[in-house]
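Student: To start, I am sharing the structure in question, which I have written as structure tokens.
The values are calculated or read from the model by the stated rules, or taken from the named source; none is laboratory data. As the structure is a prediction and not an experimental result, all values here were calculated from the model. Cβ: placed from backbone, ideal geometry, glycine included. Neighbour counts: every protein chain shown.
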Amino acid sequence: MSELNELYQQTILDHNRNPRNYGVLEDADGEADGHNPLCGDKVRIYIALEGDTIRSARFEGVGCAISTASASLMTEALEGKTLDEAEELFAGFQELVTTGQDAMDAIESLGKLAVFAGVRAYPMRVKCATLAWHTFKAALNQETATVTTE
Ligand code: FES
């Protein structure tokens, strides 16, 4: 395993063991539930806005290591971003886990989110990695129906 892949795996394990921004966000402007029916894993995403900037993002849920780490890293990445920047990040993340990107480009545009680069080789894992992101979009759009990966 290359040093970069090993570092990526360590980061995912760390965010799974010690998820950042875990818990309810009391003054949320939007929240939504996401569900992966293939495994039963669930996530709830909360966001609070200040104008068009994401002031805070938090999550709760029970999921696999990839989905938990993805939600944790996503909430970290979203804080302080404008809604347009968040859209760009989501698009970049989708590209990373589906079609792939050059490793250096991914680090430059996605920062720590680049740790999910290896996921694209495993289609089931792509759903784990994107569950939180689809749920974030629903929270932003105030959708009340549960988002599913299917
Ligand atoms: Fe359920 Fe990953 S196995 S979201």
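Student: Have a look at ILE47, ILE54, ILE66 and point out the one that is modelled with pLDDT of 95 or more and touching a Gly at 6+ places or on another chain (Cβ under 6 Å).
Tutor: Working: ILE54 fails: touching a Gly at 6+ places or on another chain (Cβ under 6 Å); ILE66 fails: touching a Gly at 6+ places or on another chain (Cβ under 6 Å).
Checking each option against the conditions leaves just ILE47.
Student: Please work out which residue is surrounded by the fewest Cβ atoms within 10 Å (Cβ to Cβ), limiting yourself to the stretch 90-110 and to residues that are small (Gly, Ala, Ser) and under 28 Å from ALA28 (Cβ atoms). First the steps, then the outcome.
Tutor: Let us first name the residues in the stretch 90-110 that are small (Gly, Ala, Ser), namely 91-92, 100, 103, 106, 109.
Filter once more, so that each one left must be under 28 Å from ALA28 (Cβ atoms): 91-92, 109.
Numbers: ALA91: 12, GLY92: 17, SER109: 17.
By that ranking, first place goes to ALA91.
Student: For TYR8, all conditions in the list (1) hydroxyl-bearing (Ser, Thr, Tyr); (2) assigned to a strand (DSSP E or B); (3) more than 22 Å from ASN141 (Cβ to Cβ) hold save one; what is the number of the exception?
Tutor: (2)
Student: Out of the stretch 111-148, which residues are away from the ligand (no atom under 14 Å from the Cβ), surrounded by fewer than 19 Cβ atoms within 10 Å (Cβ to Cβ) and either at positive phi or among the aromatic types (Phe, Trp, Tyr) (or both)?
Tutor: GLY111, GLN142
Student: Quick one: SER72 ticks every box in (1) on the phi > 0 side of the Ramachandran plot; (2) surrounded by 20 or more Cβ atoms within 10 Å (Cβ to Cβ); (3) small (Gly, Ala, Ser) except a single one, so which number is it?
Tutor: That leaves (1) as the condition not met.
Student: Identify, by number, the condition in (1) surrounded by 15 or more Cβ atoms within 10 Å (Cβ to Cβ); (2) of a type outside the set (Gly, Ala, Ser); (3) at pLDDT 95 or above that ASN18 doesn't meet.
Tutor: (1)
Student: Follow-up question, since we're still on this one. Cβ-Cβ under 8 Å, sequence separation 6+ or interchain: first residue in the stretch 33-49 and farther than 13 Å from ALA139 by Cα, partner crowded, with 17+ Cβ neighbours inside 10 Å and among the charged types (D, E, K, R). Which pairs?
Tutor: HIS35/ASP41; HIS35/LYS42; ASN36/LYS42; ASN36/LYS127; LEU38/LYS127; LYS42/ASP33
Student: Tally the residues that are within 14 Å of the ligand (Cβ to nearest atom) and aromatic (Phe, Trp, Tyr), restricting the search to the stretch 38-59.
Tutor: So the answer is 1.
Student: Those residues that are closer than 19 Å to ALA28 by Cα, within 16 Å of the ligand (Cβ to nearest atom) and in a strand (DSSP E or B), I need them from the stretch 60-89; list them, please.
Tutor: Once the filter is applied, which keeps residues that are closer than 19 Å to ALA28 by Cα, within 16 Å of the ligand (Cβ to nearest atom) and in a strand (DSSP E or B), the stretch 60-89 yields GLU60, GLY61.
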